[in-house]
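One structure is given below, encoded as structure tokens.
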Amino acid sequence: MPECPIDTTQMAKAYDPQAVEIALYDWWESQGYFKPEIAGPGAQPFVISMPPPNVTGELHMGHALTTFVEDLMIRYHRMLGRASLWVPGSDHAGIATQLQVERMLLNEGTSRQEIGREEFLRRTWEWTARYGGRIQTQLRRMGASCDWDRERFTLDEGLSCAVREAFVRLYEKGLIYRGEYLINWSPGLQTAVSDLEVEYSEEEGILYYFKYPIAGTDLDEGPGQGYIPVATTRPETILGDTAVAIHPDDERYRHLIGKTCLVPMLNRTIPVIHDTYVSMEFGTGALKITPGHDPSDFEIGQRHGLQIINALNPDATMNENAGPYAGLDRYECREKLWADMEAAGLTVKTEKYTLQVPRSQRGGEVVEPMVSTQWFVKMEPLAEAGLEAVRDGRIKIVPERFSKVYYNWLENIRDWCISRQLWWGHRIPVWYCGDCEHMTVAREDPTTCERCGGEVLEQDPDVLDTWFSSGLWPFSTLGWPDETEDLKRFYPTDVMETGYDILFFWVARMIMQGLEMTDQIPFHTVYLHGLVRDAQGRKMSKTTGNAIDPLEMMGQYGTDALRFTLLTGSTPGNDMSLSEERIIANRNFANKIWNATRFVVSNLGAAFDAGHGTWNLSALALPDRWIISRHNRLVENVAQLMDAYQYGEAGRQIYEFLWGEYADWYIEIAKIRLYGADARAQATARRVLVSVLERTLRLLHPFMPYVTEATWQHLPHRDESLVVGPWPSAGDVDEEAEAAMQIVMDAIRAIRNARAEYNVEPARRIVAQIAAGEKSDLFSSQRDVLVELARLDPDSLRIARSLLDEPEQALTLVVGGAEIYLPLAGMVDLDAERARLAKELARIEDGVARSQKLLSNEGFIAKAPAEVVQKEQEKLVSLQEQAEKLRGRLSALAG
């Protein structure tokens, strides 16, 4: 087995992430630390299925956040002793991958149609093999502690078997059917896309008002007699109209029910029908019905048994049903048809209108509702089971507010169109007999027709929606439908962590398919994170130019800096804003950890005893009792926060403790003993320094695995690695020590603030007298701490219950019931300070006079913008407050 790559014989002056990250990751993996078996056969499993990134993809900040949150969960539970399994994998990404390969073929001067399906699939597999490994390399770079031996791909043999099994089961239960239905058609992609893959953008359009001629009348007879006024935003769909609908209570048109109208320019007759769906207030109060190109019209058409006319070709040009407009692009047809209608006197007016335009999530083009023969899953029975699993608490959604969104979607769910007119993907396991036309649905490729025995079989050309295979991911990756050892041990999984934006795309479908296929919930908790936005709160995109590349940030500042930034900057279900400055700040935190550890290591001494037994707390000095108690409190808080999925707050508390209490306070206090002559005090300080730091590095490890491992290896330790080391357990909290130490720290802060206010040189020691009252024993016991951290003159420092005479010309600080006197003569040159303050006061008073003069000018008040006036008023108040403080300090110095 390879040894740890960290050279513990020396510790570099500065932390270099590039020097340790790859080497540490390779060592961790080679040791088998990422495998659940490392915890032993009796350990309770903890399992996460990685949301499979597209095989074509490159990691962006959303992937980074997903990876970091899941890795944190896995590392935390691994340290708790759980058999932690993180199953990695990638998705074949039907549309995205096919588009990439088609572009490649286009650059070669050919197309998928020219080379044929078999050759196209061969080229796609070749392309996937060439580029598919990038995502794994990037995940490793992020520190993802997955079990790579269990990596899966949605088109591998085992998952393909699972997809067929699921399809056949649903078909045999009558939950999959083939039918003609209105779907979303992507003309550019030449395939159906699901409702969830359509994004609606608010765009300015036009509402076209026109006349629907009533058969046997003259247009001159006017509205309600010669024609019915109708409005549409898509005039080209007029060519597919099969009715005009009016509300049965509409007095303007009810007499026309049962009559016929003529389709403009085609003169095809269509009926006038009545339906309560029609709004009498919207538009003209009459509605053109195009069942072949509008979802609402399709349902009206079904209710009234209307003919369905498709006027569009798959490429969004007009077909033969468009008559003289056949062959025109849909938008060319719109212009030509409207011009012809104007010439024929059939138009009324146009007006600007805000539209909700449906666009393909992949291609960005406008999607057309079209009637097509597709494969569908009946969702209602599956949705009911999915609803019940969340309602009865078997599955918990974090944050809880998304449960309502989940309920709303499943309660209003429509049947799922699962067929796609693509070549790359899981081909639908249905074969049609060329002799008897019988349809065979099978788990294995049939060689003969099950009805007539004929050998001329043709498989359905369509493939399944990518989300169909993704919905099986938690159990198919563990071997289902076979009863494998992994499936028995690791299913159901524990947590599904992903972005809230795919709650419906993926999470809901996994729940429904998991319950249907395994009769078990696929996971007990759904953890939803938000989107990563830029510092201004805008969505990151290459087009906007505001995208931050995670790999670039990791290369520049280290992986841990980016990890900690994303983990502590996010809360469940909420978007976060990211800036490079925050990453730099957390790079500095990594450096702080390194420097603190380096200090501790450099002061260990040759005969250091880690002392892994229990503490005799009563024998320890107050600062030791304080830092141990604060650490125990931290351990308890962090464990509670981690178990409540409040990872950001857990990380922030570790940060505040390590930097704000351990490094800034305890190390500075420990230096007094380390540099003193008392060997026993030195040994105690070393032991406390090491113990608290070592345990805090354990807490921080799931957040910042590299720097914690690299520093921890330099400390005395018993385990091989933090990766498999135990999570700290909380000890007792010493309330008395914490309260006492807080008083001492408050006193030091107050003195430091006073020094800063009077511009006392940092190295200068000042005189102090403390009337400590009941706290005199406390202050006396911490005399050395006060002297060193507040830079007091040890020879003149007086600490007593009370002082007989208060010193003259002294600054008085009141802290924790004690009065601290700082004689000003011992802090500053009184004459020089008086002159400086007088000069500063004169400058401020000039500013006050100018501001008052400006605000008394009626012309300024009347003409200046309100925000400018308000800003000047606020400026005056600030200047007056500064002047008052300066007068007070001058008065104190007057003596």
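The values are calculated or read from the model by the stated rules, or taken from the named source; none is laboratory data. Computed from a predicted structure; not experimentally measured. Don't worry about glycine lacking a Cβ; one is built from the backbone with ideal geometry, like all the others, and counts go over all protein chains shown. Quick note on the areas: whole protein, heavy atoms, side chains included, nothing else; ligands and nucleic acids left out. Shrake-Rupley method; radii C 1.70, N 1.55, O 1.52, S 1.80 Å.
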Might you let me know whether region 751-763 holds any residue that is open to solvent by 40 Å² or more (accessible area, probe 1.4 Å) and closer than 21 Å to residue 621 by Cα?
no
Given the conditions (1) over 47 Å from the mean Cα position of the chain (by Cα); (2) under 19 Å from residue 326 (Cβ atoms), every one holds for residue 309 apart from (1)
Taking region 1-60 and keeping only residues that are part of a loop (DSSP other than H, G, I, E, B) and of a type in the set (D, E, K, R), one is left with 3, 7, 13, 16, 35, 58
Identify, by number, the condition in (1) in contact with a Ser or Thr (Cβ under 6 Å, 6 or more places away or on another chain); (2) exposed (fewer than 14 other Cβ atoms within 10 Å of the Cβ) that residue 422 doesn't meet.
(2)
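To keep it simple, each residue is scored yes or no on (1) under 22 Å from residue 517 (Cα atoms); (2) in contact (Cβ under 8 Å) with a residue 60 or more places away in the chain.
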| site | (1), (2) |
| --- | --- |
| 93 | no, yes |
| 106 | no, no |
| 109 | no, no |
| 143 | no, yes |
| 154 | yes, yes |
| 173 | yes, no |
| 177 | yes, yes |
Within region 196-209, can one find any residue that is in contact with a Pro (Cβ under 9 Å, 6 or more places away or on another chain), farther than 24 Å from residue 102 by Cα, open to solvent by less than 20 Å² (accessible area, probe 1.4 Å) and not in a helix (DSSP H, G or I)?
no
All positions within region 804-815 that are surrounded by 15 or more Cβ atoms within 10 Å (Cβ to Cβ) and under 16 Å from residue 772 (Cα atoms):
807, 811, 813, 815
For region 358-398: of the residues being part of a loop (DSSP other than H, G, I, E, B) and modelled with pLDDT of 95 or more, which is surrounded by the most Cβ atoms within 10 Å (Cβ to Cβ)?
395
Of all residues in region 662-686, which are surrounded by 20 or more Cβ atoms within 10 Å (Cβ to Cβ) and not aliphatic (A, V, I, L, M)?
662, 665, 666, 673, 686
Of all residues in region 862-872, which are surrounded by 14 or more Cβ atoms within 10 Å (Cβ to Cβ), part of a helix (DSSP H, G or I) and out of contact with any Ser or Thr (no Cβ under 8 Å at 6 or more places or on another chain)?
869
Quick one: which residue in 853, 775 is exposed (fewer than 13 other Cβ atoms within 10 Å of the Cβ) and either touching a residue at least 40 places away in the same chain (Cβ under 8 Å) or basic (Lys, Arg) (or both)?
853
Filtered residue count, region 4-17, keeping only those that are surrounded by fewer than 19 Cβ atoms within 10 Å (Cβ to Cβ) and either touching an Asp or Glu at 6+ places or on another chain (Cβ under 7 Å) or modelled with pLDDT of 95 or more (or both):
1
Complete set of residues in region 458-505 that are assigned to a strand (DSSP E or B), farther than 22 Å from residue 148 by Cβ and at pLDDT below 95
499
In this structure, is residue 214 within 30 Å of residue 251 (Cβ to Cβ), of a type outside the set (Ser, Thr, Tyr) and free of Cβ contacts under 8 Å to residues at least 60 places away in the same chain?
yes
